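Notes to accompany the following structure.
The values are calculated or read from the model by the stated rules, or taken from the named source; none is laboratory data. If you're wondering where the values come from, they're calculated on a predicted model, not measured in any experiment. Neighbour counts run over all protein chains shown; Cβ positions are idealised from the backbone, glycine included. The protein model used for the area step is the full one, side chains on, heavy atoms only, and it has no ligands, DNA or RNA in it. Shrake-Rupley method; radii C 1.70, N 1.55, O 1.52, S 1.80 Å.
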Amino acid sequence: MTNQEIAEILVHISQILDIQGENPFKIRAYIKAAETIEALTYQLSSLEDKDKIQELPGIGEAITKKIKELLDTGKLEYYEDLKKSEYAPLIELLRIPGVGPKHAKLVHDKLGVKSIEELRKAAEQRKLRELPGLGEKVEQNILQGIQQVKKFMERFSLAYIYPRAQNIVEELRELKEVKQITLGGSLRRMKETIGDVDILVASIKPNPVMDAFIHLPQVVKVASEGSTKASIITKDGFQVDLRVVKPESFGAAQHYFTGSKAHNIRIRSLGIDRGLKVNEYGVFKGNKSIGGKTEEEVFKSVGLPYIPPELREDQGEIEAAQKNQLPHLIELKDIKGDLHVHSEWTDGSNTIEEMAKAAQKRGYQYIAICDHSPTVGITNGLTPQRLKKHNEEIDKLNEKMSRAKGKVNFRILKGIEVDIRSNGQLDFDDEILKGLDIVVVAVHTKFTQSQEEMTKRIIQAMENPHVDIFAHPTGRLIGRREAYQVDMDKLMDACKANGKALELNAYPERLDLSDLNCRKAKEKGIKIAISTDAHQDGHYDWIRFGVATARRGWIEPEDVINTMPLVKLSKWLKH
Ligand code: DGT
Ligand code: CA
Ligand code: CA
C-alpha cells in the first residue's frame, strides 16, 4: 500500500467522523497524520522497523497501529466499519466548494440526500433554502459548486480511453483464473465519449481476480470493493468498474453491462412478453435457466438475431432485428485506403513517401495526399507553384512504385484539402482543381457566420464539378467547439444532388460526421468517405474510431467510397 493510499484513507476517516460530529481533536489528528505521510520522501511500506512510524511528527500510538494494520493486511477494520455508517456516502458531497460536514449532515438528516446528484435536485427544487442556517444565497452557491465539480467529472474521449482500457483488459487476461474477459458499457458500444470503463470477467474464482484488479499499477484509488465487483480510479483520471460472474452467466452479464440501459429495458420487456425473466444472470423460465452463456442465447431467447453492440441504443435496432433487417455493418477490414492525408509539404510530419509506405504496410491500395490550400495561414498552405511541384513528386513516386520489383498494387492520389472561403468561393480556381485526382473541400475560417450564410457558402462549393468530398462537415471539436450553424438537411440534399461524398473524419476530437449524421446521410443515399486526416503515419490507426462511429450510424460497406478497390474508386472520382 502506497503512502498516498494510506493518506487518503486517513482523510476519509476524518471526513466521516466530521460528518458524524465527533470530537474535533480526534478529527484533526487524522488530518495531520495524512499530511505528514503525504509529505514523506520514502514509502512507509519500505520501512524495516514499522515502530518508527510513531516517531513521525503528529502521529500518535493509535494511528500508528492503524497504519501498521493497513501495511500488513491492506485493510483496516476500523475503516471498514466506518464505511458502513449511513454518513459514509456523504463524503462525496464534501468535494463541492462551499459544502462542509455540517451541511452534509443537515441535508442528509432533513432531506435524505446521499449523493451530489440528489443534492443538485434538492437545490433545484429550492428545498435547501428552507433548512436552518442555509437560505437562498447558500443554495445558489451550492448549485454553482456542483457545476464546478461536474466539470471535473467530465466524460472522456473514446480515443483517450480506448488504448488505456485495452491495456487493463490485457493485463487481467493474463490471470489464470480469468476464463473470459470483455469490455462493456459505452466503450463496447464505441460511443464518442465515455463516462467510465466497464470490464466483465468470467471466473469461478473471483478473489484473485478482484485482488489483481485493485492492485494494478494504474490504480490510484479503490473507489469501492466487494467480493465480485469493484471500482478503481486510474492515474489517467478515469474510473473502471469490474464485475466477475460465473461462466454460465457470462453472455447475460455481457449483454446487461454493455447496455445501453434503454436497449436493455426493451429486451427485458420482450422477455416478459414471452414469460421470461432476462437479467444479468441469465434468461429464466420460472426458476429454470434457459440461457445466458453467450449473448446470442440472450437474443435468441427473445426471438432476435445477434445485434452488434454499436447499435444497442434503442434507436430502431430492435424493430430492425425483428424484421430481420439489421444492417450489414462496415468493418475495419473493408477499408481499402485513406482519402485525406497530409504530408510535411504543409502541416504533416512525414514525407509523402513515408505516408505511402506506411499505408502499404497496412494493406491499403491507395491514399490521397490532401495538403492544405493557402488560406489556412498557419499550415504553410500550397501555393499553385508548390502544388505543381507536390504533384510532380507524387507522379515520380507512383512511377517508382510501378517499376519496383514484384507487383505493387498501390497508388498515391493527387489531392488537395481546399478551403471554402467565407463567400463560398474555393481557394483555387477550376484550372488547378481539374488537374487533381481528388478534391476535398473544407471550412476552416469564419465559423461564426449565420446558418443561412454558412449553408449557402457550403452548397456553393458543393456545386463545383471538380469537388469530390466535403471534409469534417460540421466543424465540431468534441468537448471543445460546437458545430457551426448549418442546415444539415439542405446541405445533405445539395450533396446528394451534386453526387458528392461527405467525410467522416476519424480524427479523435472530430468524429465528424457524428453517428447520428451518418445515419441521416445514409437515409438520404449519400456516400461517405471515412478518412483519418492523418498528419503523421501513426494517425492511420484512428481509422478504427471512424469505422466505429460509422457502425453506430448504421453504415454498410456499400455506403463508403473508400471500401472500393482502386479501379472502381477512380471511376467514381471521375463521374
Ligand atoms: P457511460 O459510462 O456513462 O459512458 O455509459 P455506460 O452505458 O457505460 O453506463 P454505465 O457505466 O453506467 O453502465 C454500464 C451498463 O450497465 C449500461 O450501459 C447498462 C447497464 N446498466 C447500468 N445501470 C442499469 C440499470 O439501472 N438498468 C439496466 N437495465 N441496465 C443498467
Ligand atoms: Ca460505463
Ligand atoms: Ca460503469
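To the nearest Å, what is the center-to-center distance of region 528-575 and region 228-257, using C-alpha atoms only? Region 528-575 and region 228-257 have Cα centres spaced 33 Å from each other. Overall, the chain carries a charge dipole of about 1180 debye about its Cα centre when +1 sits on the Cβ of Lys and Arg and -1 on the Cβ of Asp and Glu, all other atoms neutral.
Each label point was placed 7 Å from the Cα along the Cα-to-Cβ direction; for THR228 and LYS300 their separation is 2.3 nm. For the chain, the fraction of 1.4 Å probe accessible surface lying on carbon and sulfur atoms is 49 percent. For GLN180, the residues whose modelled amide H falls within less than 5 Å of its own, excluding neighbours fewer than 5 places apart on the same chain, are ALA202. Quick test of the membrane-span-like rule: which DSSP H helices of the chain reach at least 20 Å along their long axis (C-alpha atoms) with mean Kyte hydropathy at least -1.0? Length and hydropathy pass: 3-20, 24-39, 135-152, 158-173. Counting Lys and Arg as +1 and Asp and Glu as -1 over every other residue whose Cβ lies under 13 Å from the Cβ of ARG188, the net charge comes to -1.
Annotation: peptides 40-48, 567-575, 28-36, ranked by per-residue average of other Cβ atoms within 10 Å with the highest first, follow the order 28-36, 567-575, 40-48.
Considering only ASN264, ALA104, SER231, and ranking their Cα positions along the charge dipole of the chain that arises from unit charges at the beta-carbon of Lys, Arg, Asp and Glu, the one farthest toward the positive end is ASN264. Between LYS446 and LYS333, the FRET efficiency from the beta-carbon distance, with R0 = 60 Å, is close to 0.90. Only alpha carbons enter this Debye calculation for region 157-322, each as an equal point scatterer, and the log10 of I(q)/I(0) it gives at q = 0.13 Å⁻¹ is -0.62.
Extension gain, ASN167 to ALA483: 0.36 nm times the residue separation minus the Cα-Cα distance gives 110.5 nm.
3J(HN,Hα) couplings calculated from phi for region 191-202 with the Karplus curve 6.51 cos²θ - 1.76 cosθ + 1.60 (θ = phi - 60°) are, in sequence order, 5, 6, 10, 10, x, 9, 8, 10, 10, 10, 10, 9 Hz; Gly and Pro show x. Expressed as a fraction of 2.2 N^0.38 Å, the C-alpha radius of gyration for the chain is 1.18. Ranked by the mean number of other Cβ atoms within 10 Å of their residues, highest first, the peptides 421-433, 215-227 fall in the order 421-433, 215-227.
Kindly work out what percent of the DSSP beta bridges joining two residues of the chain are antiparallel, to the nearest 5. Roughly 45 percent of the DSSP beta bridges within the chain come out antiparallel. The HN-Hα couplings worked out from phi for region 288-295 by the Karplus form 6.51 cos²θ - 1.76 cosθ + 1.60 (θ = phi - 60°) are 8, 6, 10, x, x, 6, 10, 5 Hz, whole numbers, x standing for Gly and Pro. Annotation: amide H of ASP347 within the under-5 Å range of HIS372, sequence separation 5 or more or interchain, hydrogens built in the peptide plane. For the listed residue pairs LYS68/LYS150; LYS114/LYS246; LYS361/LYS520; LYS84/LYS114; LYS446/LYS527, the alpha carbons are over 24 angstrom apart in LYS68/LYS150; LYS114/LYS246; LYS361/LYS520; LYS446/LYS527. Report summary: the helix-based calculation at 222 nm, which adds -39500 (n - 2.57) for every DSSP H run with n ≥ 4 and divides by the residues of the chain, gives -12500 deg cm²/dmol. Based on alpha-carbon atoms, the Kirkwood radius and the radius of gyration of region 3-152 give Rg/Rh equal to 1.06. Using a cut-off of 27 Å between Cα atoms, the listed pairs LYS333/LYS571; LYS191/LYS235; LYS102/LYS235 include LYS102/LYS235 as exceeding that distance. Reducing region 106-171 and region 19-62 to their Cα centroids gives an inter-centroid distance of 30 Å.
Across all Cα pairs in region 348-465, the calculated P(r) in 5 Å bins from zero up to the longest distance comes to 2, 10, 20, 20, 16, 13, 9, 6, 3, 1, 0, 0 percent per bin. Among all the aspartates and glutamates, which ones have a C-alpha under 19 Å from LYS205's C-alpha, if same-chain residues fewer than 8 places away are not counted? Straight-distance partners of LYS205: GLU170, GLU171, GLU174, GLU177, GLU225, ASP241, GLU248, GLU280. Per residue, region 80-221 exposes an accessible area of 53 Å² to a 1.4 Å probe, with every protein chain left in place.
Taking amide H as placed 1.01 Å from N in the peptide plane, the amide H of ILE369 sits under 5 Å from that of LEU413, GLY415, each at least 5 places away or on another chain.
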